[in-house]
1. Name the one entry in THR633, THR588 that is among the β-branched types (Val, Ile, Thr), open to solvent by 60 Å² or more (accessible area, probe 1.4 Å), in a helix (DSSP H, G or I) and closer than 26 Å to ILE473 by Cα.
2. Would you please name the residue that is least open to solvent (accessible area, probe 1.4 Å), looking only at residues in segment 259-286 that are at pLDDT 80 or above and among the acidic types (Asp, Glu)?
3. Just to be sure before I move on: is SER547 open to solvent by 50 Å² or more (accessible area, probe 1.4 Å), in contact (Cβ under 8 Å) with a residue 60 or more places away in the chain and not hydrophobic (A, V, I, L, M, F, W, C) in the structure I sent?
4. Within segment 498-512, how many residues turn out to be part of a strand (DSSP E or B) and open to solvent by 30 Å² or more (accessible area, probe 1.4 Å)?
5. Within segment 638-650, does at least one residue satisfy the condition of being assigned to a helix (DSSP H, G or I), closer than 30 Å to ILE569 by Cα and of a type in the set (A, V, I, L, M)?
6. Report whether or not VAL253 is farther than 24 Å from VAL360 by Cβ, under 37 Å from the mean Cα position of the chain (by Cα) and not small (Gly, Ala, Ser).
7. Within the set of pairs 6 or more residues apart or between chains, which connect a residue that is under 11 Å from ARG130 (Cβ atoms) inside segment 164-179 to a residue that is among the β-branched types (Val, Ile, Thr) with Cβ atoms less than 6 Å apart?
8. Going through segment 430-455 one residue at a time, which ones are more than 16 Å from VAL398 (Cβ to Cβ) and surrounded by 17 or more Cβ atoms within 10 Å (Cβ to Cβ)?
Amino acid sequence: MNQMRPRSAFIPLCAVLAALVLSAPVLSADLPLQRITLYSSGVGHFEHAGNASDDGSVAIAVSREHLDDLLRTLTLEAVAGGLVRAVDYTVEDPVDRALSRLPVAPGGTLLSLLASLVGEEVAVGTPAVRGRLIAVEPVRSFSGPGAPGSPGSSEESIRMTLTTAEGLRTVSVGDASQIAVTDARLRSRIEEALNLVRGARDPDVRVLTVRTSGAAGRQLRATYIREMPVWKPTYRLVLGDGSEQLLQGWAIVENTTETDWENVMLTLVAGDPVSFRMAVADPIYQRRPVVPFPLIEGFRPPQFGDAFPQAPFVAERSAAPAPSMAFRAESAAAADSGFAGRGVEAAADAAAQGAFHRYVVRDPVSIRAGGAAMVPIVQQRIPAELISVYDPGVNQSVPVSGVEMTNTTGAALSAGPITVFDRGAYAGEAVLRYLVDGGERLLSFSLDRRTEVDRRVDAMPDRITTVRIDRGIMVVTTLLRRESRYRIASRDAARRTLVIQHRREGDWRLVSPARPDQEYAGGYRFRVPLSAVEIRELVVVEERSRSESVGLSSISADRVAFFLAQREIPQAVRDALVRVRELQGEVTTAAASVRTVEQGISDIEREQQRIRANMGVLAQNSDLFRRYVADLTAQEDRLIELRRDLQAARAREQQARQALERFIASLRVG
């Protein structure tokens, strides 16, 4: 059976409170925008300057979104006379706090609004039924077969109960019902609540009034920080003959403010000053604790929490980004037929600014609101060498083509993408991390299929280097050695340099070659010149020491035999180990004698138990009983002798162990 969807009278108030969205400039035209400094951390420093009005005031209109930043960072100066007196602006309570004392709440319904009016006088319907509201309740009515609408449909309404001069009246309220509040003050409070709800959703503007005093026509300068898109540098590196190559840089600047930038001086800073957001525009209330009425309670034994374990701090290593795998273009086009970076001049001057570097654009720029522009900031030749780099962590067999460049532009290069052109042809792309002035950087932009590298690691036999014994502890230092062999197959006769990037592991130290061509945080770099179709090999030898402590008091005979078999063991240590082995042999022999005597005593005691069990069932005057008596007598005599032998054997074992311990304790070798 089909049912109509019930029509509800619970209408959300937000549908009634929709407001127009306003847009406004950050600062009014009283103070024209003069200068902008954009930082790579995502903030901008704006500077305005202009004349105060006749009454000495300047209006600053700021959007609600950026009001917090302006209040935190606003600076004001009265230039050429005058004095800044105060800054006035309107404060609003947070909407939830303001509405807590009013009859309207965001997201409320007609039912909740009417429920908040219980006790007030209202007029309902036409003609109006007047009375004080007593109760409000939802009502659902169903229509049966044959009634208007589809079978089984239902409708929802609100039933209001009023007390009138004639008595109690109930009135049903539906979609087209008319309800009026007769109290003018209550109507004003409802209007105030609606305005608050609309204002909370409306991205309107706040007007700050700067009040000054002094001579007429005085100038005022205002600066502030606001959130801005990160200015993005992009670079082009043009490779050719010679040791210096052309680096071209462009800065992408975006105007996401509400006003056009017209003839504004622009500065781009490569640096990351600390900046944050903090709500300071709206009132902030400290939440006070709710304290219960003091009562005297019985004493309870305290429960103390367990202490947390002190975990060691482990520094995380950030993974290096994988280089670009674009194929290097092998173009033989002439320089004048490809990109060479001609006809471009840097529009900015580079200069240091404390810990930062900045690019000051020489001429004013104009960018419309919502627009963007590209400004050339670098056009200079820098030292750069085309090389190939092999790193087994990047590719097991194929090197990457790269560039080793030095920043000699006079300023730091902010992080950004870099496109590489080889003799005018596109060769690949890389990502340049922040590079200080004078810094060197190795970039990779494609695979070098002309070269193949095979890496093999061979472990050499361990070699004992030092052995020393001190008070029963023998410390053995062993030298571990390994060889990393890089077999390089060059399939191109072009002259080039292959850089082998050998990663450092743990405490392995470099032995051969004696010194690397370059050392970096993760290991070593070795340069291998290639100039023909050939096979070359680079062998990197590394060593590490390993120490082992051995307690001579518990060392096994097999371990002693192992150390005696090592040719590197010094003679003094060898003699000491031989003596330890002899003394251990005496201890072993004495212990074996003790076990032999103990076994003999145990055998006799078991035999006596058997004899006594048999004697229990024999007559005492029988021959076998008399024989058992004779055997027990002989065994008792033997037990006396064995117990005397056991005492002597244990004494000899004790003496042997003491002799071994005294010898070990007195050892000082190495």
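1. Step by step, each of THR633, THR588 is checked, and only THR588 is among the β-branched types (Val, Ile, Thr), open to solvent by 60 Å² or more (accessible area, probe 1.4 Å), in a helix (DSSP H, G or I) and closer than 26 Å to ILE473 by Cα.
2. The residue in question is ASP260.
3. Judged against the criteria, SER547 is a match.
4. Adding up the residues that qualify gives 5.
5. no
6. no
7. ARG169/VAL129; VAL171/VAL124; VAL171/VAL129
8. Start the filter on segment 430-455 by keeping residues that are more than 16 Å from VAL398 (Cβ to Cβ), which leaves 430-443.
Matches in segment 430-455: ALA430, LEU432, LEU435, ARG441, LEU442, LEU443.
The values are calculated or read from the model by the stated rules, or taken from the named source; none is laboratory data. These figures come from a predicted structure and were not determined experimentally. Every residue, glycine among them, receives a Cβ derived from its backbone with ideal geometry; neighbour counts consider all protein chains shown. With ligands, DNA and RNA removed, areas are computed over all heavy atoms of the protein, side chains included. Shrake-Rupley method; radii C 1.70, N 1.55, O 1.52, S 1.80 Å.
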